[in-house]
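Data first, discussion second: the structure below is written as structure tokens.
Throughout, read-outs are computed from the coordinates displayed, never taken from laboratory work. Keep in mind that what you see is a predicted model, and the values were worked out from it rather than measured. Because the Cβ atoms are built from the backbone with ideal geometry, glycine has one as well, and the counts that use them run over all protein chains shown.
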Amino acid sequence: MPFWDDNRWRTLGGSLKVVQPFDQDRIEDAKYMLTIGDEIYVSEEESKKTSRKLALGESFSIDPGQFAFLLTEETVCLPFNVTGFISIRATIKFDGLVNISGFHVDPGYEGKLLFSVFNAGPTRIQLKRGDEIFSIWLADLHNAISRKVLVHGYKDIPSKLITQISGKFTTAYQLEKQIDKLKEDISSLNAFRLQAVVILTIAGALLLPTFKESLFKLFDKPPTISSPAPAPAPK
């Protein structure tokens, strides 16, 4: 199962229409670079469950903990004796963007490629339509597969897929930050309690003499004794 080299890409890439539109300048080290297309979806609040259309060169961002669907600009059509392998450019991976969708393209597939990605990093990732961030490698099979009908793939982002990833998710990095914040709050609370105890102790020490003096005055006052009534004279 030999992989296509640069020369095979240049020779057959355009004639077999494996990628449309085809640009030889995007052949890079035995792979072809695909770009972000005109439709994306980034998971946000539950009320926002619709994809977004992008103008040429329009940018968007994927925050930490967010899923996204990214549709390619190009359409892929593989012959029945060719299979494909797909990935994301390494420089984008280093930022924390992880491909969680499939990693191959079946022989006889026709359509755009839909990448499901997740930002597992600590920072926001900025992208735009036309960015060359997807790689595809092709390999010839020894024999064509038995299926003779093309599988028609994606033209847009299906709404049922959007429903499954709506909302915001928490990464391990974000969870660590939240735990650190809780620790800071607990430390602040303990410091406040200590300050309160010190203040009350000082206040008690200052007020204690006055309190004791009041008690002494109360208990040192001689009691008032009533004289007994005189006994009645004997008859």
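Points to keep in mind about this one:
- The value given for the stretch 88-143 is a Kirkwood hydrodynamic radius of 13.2 Å, derived from the mean inverse Cα-Cα separation.
- Measuring between their Cα centroids, the stretch 128-162 and the stretch 61-94 lie 9 Å from each other.
- Taking other C-beta atoms within 10 angstrom as a stand-in for reagent exposure, 44, 73 fall in the order 44, 73, fewest first.
- Cα-based shape type of the stretch 6-168, given that a ≥ b ≥ c are square roots of the gyration tensor eigenvalues and the cut on a/c is 1.5: prolate
- Over 22 Å apart at the Cα level, from the set 31/160; 31/112; 17/160, are 31/160; 17/160.
- Take 10-21, 115-126, 75-86 and order them by the average number of nearby Cβ atoms within 10 Å per residue, most first; the result is 75-86, 115-126, 10-21.
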